[in-house]
Amino acid sequence: MTHTITLPDQTTFTANDGETVLAAAARQNLNLPHSCKSGACGQCKAELVSGDIQMGEHSEQALSEAAKSQGKILMCCTTAQSDISINIPGYNANALPVRTLPARIESMVFKHDVALLKLALPKAPPFAFYAGQYIDLLLPGNVSRSYSIANSPDQEGILELHIRRRENGVCSEMIFGSEPKVKEKGIVRIKGPLGSFTLQEDSGKPIILLATGTGYAPIRSILLNLIRQDSSRAVHFYWGARHQDDLYALEEAQELTGRLKNARFTPVLSKTAEGWQGEKGYVQTAAAKDYPDLSGYEVYACGSVAMTESAKSVLTAQCNLPETTFYSDAFSPAQ
């Protein structure tokens with residue numbers, strides 16, 4: 001049995017029994033607001049206007065009991081039990097179209113345990129995306145993995161991805177293994193653009209950027225876009241990792257922030273070696289220490305679920321950051 005889901009602009013799509021609202025939308029090339037897709041981040045929050053639903057597991061921080069009593073749902077873990085109508089804060093009826101297309105691997109550069117892939121796309125029609133969005137990389141054997149786009153939207157025909165090696169990971173074996181299936185000049189397919197982790201372009205508020213690991217990739221895209229716009233917004237970028245080698249583009253991150261008129265960069269390590277001159281600890285605690293009042297700021301956090309959850313909790317509770325100006329893209333590791 002299928003159920004019809006109606007969006008704020010009266011766009012409709014169908015969901016199968018047991019299929020989440022978000023998965024059904026993605027299957028039909030509708031890019032609804034989301035990030036982690038696992039009920040942890042709260043970015044896919046919506047309001048049930050009518051109909052019956054069933055909610056799966058989610059974190060209490062992403063959706064409290066009080067919010068549920070007010071009709072709030074998380075689209076990534078909600079299944080329709082009847083035809084339903086939903087209202088989505090920040091819904092953009094004019095979102096960029098989601099497309100599936102081939103891409104040629106122009107180059108693969110390895111830095112520490114991260115592979116930097118540059119993909120060449122068909123020239124027509126041009127592939128458009130917003131800084132901070134991601135694509136699904138479709139690999140042999142019906143393997144699909146999500147990766148943020150690391151380059152600027154004005155760099156037409158090219159996508160850069162930063163892929164971290166994960167022990168026993170299916171995708172990792174295809175790239176880092178002794179007999180890799182993903183090689184330079186090879187052809188892969190991509191699907192995108194996806195996600196709603198994008199800068200609020202109509203705002204002039206100062207910006208705090210938080211990243212851990214390859215969460216640097218979408219932050220890099222945002223920084224490049226700000227540089228292209230010759231932005232004068234205040235920006236402070238914190239990039240965290242365990243060890244210094246994990247900050248695989250440290251000099252580049254310093255250089256990019258240096259090209260902005262009013263920007264700072266703070267690297268943060270949780271496990272420091274002798275001689276480390278940067279911050280110690282975690283990006284969210286470093287930001288909270290530097291900015292005890294974030295009531296007039298926007299925060300963009302990208303990285304592990306643990307970091308994004310902690311950052312939201314710490315910065316809203318301790319630093320007066322409005323929940324409405326905290327934006328996140330949480331990476332859920334996949335084998």
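The values are calculated or read from the model by the stated rules, or taken from the named source; none is laboratory data. The shown structure was predicted, so the numbers you read here are calculated from the model rather than taken from an experiment. Here the Cβ is made from the backbone with ideal geometry for all residues, glycine too, and neighbour counts use every protein chain on show. Accessible surface is based on the protein model in full, side chains and every heavy atom, while ligands, DNA and RNA are left aside. Shrake-Rupley method; radii C 1.70, N 1.55, O 1.52, S 1.80 Å.
Side notes on the structure shown:
- Based on alpha-carbon atoms, the Kirkwood radius and the radius of gyration of region 99-194 give Rg/Rh equal to 0.94.
- Residue pairs, from the table Lys45/Lys205; Lys45/Lys312; Lys261/Lys312, whose Cα atoms sit over 20 Å apart: Lys45/Lys205; Lys261/Lys312
- Region 2-87: mean projected area of Cα convex hull, nm²: 4.8 nm²
- Dipole check for the chain: with +1 at the C-beta of Lys and Arg, -1 at the C-beta of Asp and Glu, and the Cα centre as origin, the magnitude is about 680 Debye.
- Ignoring lysines fewer than eight residues from Lys123 along the same chain, the ones with Cα atoms less than 18 angstrom from its Cα are Lys185, Lys191.
- Amide H contacts of Ser146 (H built 1.01 Å from N, in plane; Pro and chain starts excluded): Leu137 sit under 5 Å, all sequence-distant by 5 or more or on other chains.
- Under the Karplus curve 6.51 cos²θ - 1.76 cosθ + 1.60, θ = phi - 60°, whole-Hz ³J(HN,Hα) for region 194-209, x wherever Gly or Pro sits: 10, x, 10, 7, 9, 5, 6, 5, 8, 9, x, 5, x, 10, 10, 10
- Among Leu30, Leu161, the order of accessible area from largest down is Leu30, Leu161, computed with a 1.4 Å probe on protein heavy atoms.
- Solvent-accessible surface ranking, highest first, for Glu298, Glu47, Glu309 at 1.4 angstrom: Glu47, Glu309, Glu298
- For region 218-230, 3J(HN,Hα) per residue [Karplus equation, 6.51 cos²θ - 1.76 cosθ + 1.60, θ = phi - 60°, Hz, x = Gly/Pro]: x, 5, 4, 4, 5, 4, 4, 5, 5, 5, 4, 7, 6
- Dipole of region 109-236, positive direction: furthest Cα of Leu137, Phe176, Gln200, with charges on the beta-carbon: Phe176
- Rg/Rg_globular for the chain, with Rg_globular taken as 2.2 N^0.38 Å and Rg from C-alpha atoms: 0.99
- Projecting the Cα atoms of Pro97, Ser85, Met108 onto the charge dipole of region 74-137 (Cβ charges, centred on the Cα centre) puts Met108 farthest toward the positive pole.
- Residue among Leu121, Leu159, Leu250 with the largest mean-square fluctuation in a Gaussian network model of the chain, springs linking Cα atoms under 10 Å: Leu250
- Share of Cα-Cα pairs in region 207-331 lying beyond 26 Å, as whole percent: 14 percent
- Between Ala306, Ala23, Ala217, the residue with the greatest mean-square fluctuation in the GNM of the chain (Cα pairs under 10 Å linked by springs) is Ala306.
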